[in-house]
Amino acid sequence: MTSDTTEATPPVALTVAGFDPSGGAGVIADVKTFTAFGCFAAAAVTSLTYQNTTGVFGAAHQTAEAVRAQVLPVVEDFRVAGAKTGMLPTREVIAEVARLFRETPLPAPVVDPVVRSTSGFDLIDDAALDALKAELLPLARVVTPNIPEAERITGLPIRDRHGMLEAARAIRALGARAVLVKGGHLVEDEAADVLDDGGRVTTFTAPRVETTSTHGTGCTLAAGIAACLARGMSLNESVEAAKRFVTEAIRRAPRLGHGHGPINHAVAALA
């Protein structure tokens, strides 16, 4: 006996990022987020990191060939509707990932320019950062740096929301269609993020949650935006929904670990 009930095919979302064995960040966080937003998750691992909530203790980077060998079978089998990148540790990997986005039907990615961990561990060197700026940012639908990342990319100091906007404009000048500078590092009553989408500026705010449970927030926000874009939402709608999800995930964090704890990816994503 067969059922007449058929489920709608979920949009496929792909993450190309590092692996965090503690589960709070990287591809594990991305997969949880894609699932929360109703997408089918696919992933390619760029680096095996050794970390937990207290810090990053090292990493074994994948080769460019290994990353390509992971992505191509997915692209050949699925129609990928949303994509994001996270930790891309070497200039060779960045060049290969950019080539994949240029030469395959992958959609313009959400680029989370992961350059430093929450605990302060540098995840890419200056040569890789130069490659990121030259090869991948011009392909991005949106780039999502936090303040330290935006400062390192642009060389501009950021002290307030005006500085966030100036940095967003500078990064967009590198070729990205849109830039979302996240303001979580500012000491304000609100957590404000500034989006410059082709010159149209929108500020997204949420009440600040005083907590140390912030591990993986950047990965999760970028993954949420990618998932919402995959579902056909506008960029503004995607940022708003992803930010709401992250705020609630922080508020209901499971309080695990002895450092910057993970957030709760089991909260409701879409009302």
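Only Cα pairs under 8 Å and 6+ residues apart enter the sum, and on that basis the relative contact order of the chain stands at 19 percent.
T33: net charge of surrounding residues, Cβ under 12 Å, Lys/Arg +1, Asp/Glu -1, itself excluded?
Summing Lys/Arg as +1 and Asp/Glu as -1 gives 0.
Across the stretch 65-70, coupling constants 3J(HN,Hα) worked out from phi with the 6.51/-1.76/1.60 Karplus curve, θ = phi - 60°, read 5, 5, 5, 4, 5, 7 Hz, and Gly and Pro carry x.
For the stretch 129-139, backbone phi angles converted through the Karplus equation (6.51, -1.76, 1.60; θ = phi - 60°) give residue-by-residue couplings of 4, 4, 5, 4, 5, 7, 10, 9, 4, x, 8 Hz, Gly and Pro being listed as x. Over the residues of the chain, the helix contribution to mean residue ellipticity at 222 nm works out to -11000 deg cm²/dmol, using -39500 (n - 2.57) for each DSSP H run of at least 4.
Site pair A268 and E76 shows an inter-label distance of 4.3 nm when each label is modelled 7 Å from Cα along Cα→Cβ.
Rounded to the nearest whole Å³, what is the per residue volume of the convex hull around the Cα atoms of the chain?
132 Å³
Length gained on full extension, E190 to L48, computed as 0.36 nm times the residue gap minus the Cα-Cα distance: 47.7 nm.
Which value in Å is the Kirkwood Rh of the stretch 87-184 over different Cα pairs? Result for the stretch 87-184 stands at 13.4 Å. Placing a pseudo-label 7 Å from each Cα along the Cα-to-Cβ vector at E7 and R99 gives an inter-label distance of 3.7 nm. Extension gain for the segment E65 to E237, taken as residue separation times 0.36 nm less the Cα-Cα distance, is 58.4 nm to one decimal. The order of the peptides 26-38, 203-215 by mean Cβ neighbours within 10 Å, most packed first, is 26-38, 203-215. At q = 0.16, 0.20, 0.21, 0.27 Å⁻¹, what is the base-10 log of I(q)/I(0) for the stretch 1-83 according to the Debye formula with one equal point scatterer per Cα and no solvent? Please give it to two decimals. Taken in order of the listed q values, log10 I(q)/I(0) reads -0.68, -0.92, -0.98, -1.25.
Take the Cα radius of gyration of the stretch 209-271 and divide it by 2.2 N^0.38 Å, with N its residue count; two decimals is plenty.
1.12
Cβ-Cβ distance of F57 and T211, R₀ of 25 Å, FRET efficiency by 1/(1 + (r/R0)^6): the value works out to about 0.60. Placing unit charges on each Cβ (+1 for Lys and Arg, -1 for Asp and Glu) gives the stretch 124-229 a dipole about its Cα centre, and among I153, G198, A167 the Cα reaching farthest toward its positive end belongs to G198. The antiparallel fraction among DSSP beta bridges confined to the stretch 12-251 stands at about 55%. Paramagnetic label reach from D125 (point 7 Å along Cα→Cβ; backbone nitrogen cut-off under 12 Å): within the stretch 79-102, residues 90-92. Of the peptides 42-52, 247-257, 86-96, the ranking by mean beta-carbon count within 10 Å, highest at the top, reads 86-96, 42-52, 247-257. Near G55, no amide H atom lies under 5 Å from its own; only residues 5 or more places off or on other chains count, and H is placed 1.01 Å from N. Computed with the Debye formula from one identical point scatterer per Cα of the stretch 33-141, without solvent, the log10 of I(q)/I(0) at q = 0.10, 0.15, 0.21, 0.24 Å⁻¹ comes to -0.29, -0.66, -1.23, -1.44. Taking amide H as placed 1.01 Å from N in the peptide plane, the amide H of T46 sits under 5 Å from that of A17, G18, F19, each at least 5 places away or on another chain.
Coordinate-derived values only; no laboratory data. In this text, all values refer to a predicted model and were calculated from it rather than measured experimentally. Positions of Cβ are generated from backbone atoms using ideal geometry, with glycine treated the same way; all protein chains shown enter the neighbour counts.
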